[in-house]
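Participant: The following block contains the structure, expressed as C-alpha cells.
The values are calculated or read from the model by the stated rules, or taken from the named source; none is laboratory data. Keep in mind that this is a model prediction, so the values were computed, not measured. Cβ coordinates were reconstructed from backbone atoms using ideal geometry, including for glycine residues, and neighbour counts include every protein chain displayed. We work out accessible area using only protein heavy atoms, side chains counted, and drop any ligands, DNA or RNA first. Shrake-Rupley method; radii C 1.70, N 1.55, O 1.52, S 1.80 Å.
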Amino acid sequence: MKQRYPIRITAWLSILVLLCCLLPTAALGARTIRIGYVDLNGFLYTDGEGNHSGYLYDLLMECSQNTTRSYTFIRVGYEDCYDMLASGQIDLCVGVTTSMPDRDKLTFSKERLLTAPLAVVVSPQSDIGYEDYEHLNGQKVGAYVTGYSDVLFGMLLQQKNAHVELQSGYTSMDSLLADLENGNIAAAVLGTDIGITGLRVVDKLGERGLYAAALADGDRTLLDELDDALKELRLSSPGLMEELEEKYK
C-alpha cells in the first residue's frame, strides 16, 4: 500500500503541470479582443443609450460565433489608429483603408469588411438632382472622408466635370453635416452611404475597401482568425452581408 502514494503523488503532479500548461492557452483563446472602430453612421456607432449598433457590429457578432473570442468596442479617431495599436490600447482597428497614414507600420486583413462608396449628398430641400453638377458647379462642397486627400477628391470631381469649391478642413462628421443643414455648403461627400438618413444621395464618386488593421510587426493571429471567420461566414451564410447592408441603409 505504501508504494501507491508516490505513484499517486506523481500522477497528481503530472495533472497539475498539464493544467498549468493548458490554462494560459485557454485564457488566450477565450480573451476579449479590444476593437478600435472609426465611427461611421450605419457602419459601427453608439446610440443614445450607449449601445453599439451597425453593419460591422452585427457582422463581428456573427464572426465571434466561429471563434473563441469575444469583442469589446472602443471608438477611435482615424488619425489615432496607429498610436492606439502601438501603445496597446486596442488589439485591432476596423473600418480603415489601406491608404491611411503610417500604412507601412500596419498590416491589414485579407478579407474586406465592406466596400464603401463615396456618396455625394444634399439636404432633402436642395434643388440639385441626381448627378446634377450643372447646378453644383461653383458651389461649396464639404468633405470629411478618412484616407482621401484634396488632390484625390479634385480628381474624382473633375471626372464628373464638376468645378466646385472644396471644403475639406472639417475635424468631424458632425461639423460637416451641421454646415450642410445650415446651408453653409451645397453638398457633402461622405465615406459611405450606409446609414444615411435625412439626406439625399445625388452621386457616388467611387469605392474604397474597409479592412481590419494591426501592427505590422505584431501577432497576425487575430487578423488571420478574423479572415477565417469572415470566409466561413460568406460560405455558410451567402447573402448575409448584403442583408446587413440593406438593414442599415
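Participant: Modelled with pLDDT under 90, outside any strand (DSSP E or B) and either open to solvent by 20 Å² or more (accessible area, probe 1.4 Å) or in contact with a Phe, Trp or Tyr (Cβ under 7 Å, 6 or more places away or on another chain) (or both): does that describe residue 71?
Facilitator: No: the conditions fail for residue 71.
Participant: Tell me which of these residue 115 doesn't satisfy, since it passes every other one: (1) within 23 Å of residue 243 (Cβ to Cβ); (2) surrounded by 14 or more Cβ atoms within 10 Å (Cβ to Cβ); (3) in contact with a strand residue (DSSP E or B) (Cβ under 9 Å, 6 or more places away or on another chain); (4) not basic (Lys, Arg).
Facilitator: So the condition that residue 115 fails would be (2).
Participant: Can I ask one more? Among the helices (runs of 4 or more DSSP H) lying completely within the range 121-227, list those that include at least 3 residues that are open to solvent by 30 Å² or more (accessible area, probe 1.4 Å), within 23 Å of residue 36 (Cβ to Cβ) and not β-branched (Val, Ile, Thr).
Facilitator: Hits in the range 121-227: 173-181.
Participant: List the residue pairs whose Cβ atoms are under 6 Å apart, where the first residue sits in the range 102-120 and is part of a loop (DSSP other than H, G, I, E, B), the second is open to solvent by 40 Å² or more (accessible area, probe 1.4 Å) and of a type in the set (Ser, Thr, Tyr), and the two are 6 or more positions apart or on different chains.
Facilitator: 102/82
Participant: Sort out which residues of the range 92-128 are over 30 Å from the mean Cα position of the chain (by Cα) and of a type outside the set (Val, Ile, Thr), and write them in order of number.
Facilitator: Within the range 92-128, 125, 126, 127 meet the criteria.
Participant: Taking residue 36 as the residue in question, decide whether it is surrounded by 13 or more Cβ atoms within 10 Å (Cβ to Cβ), within 21 Å of residue 232 (Cα to Cα), among the small types (Gly, Ala, Ser) and touching a Leu at 6+ places or on another chain (Cβ under 8 Å).
Facilitator: no
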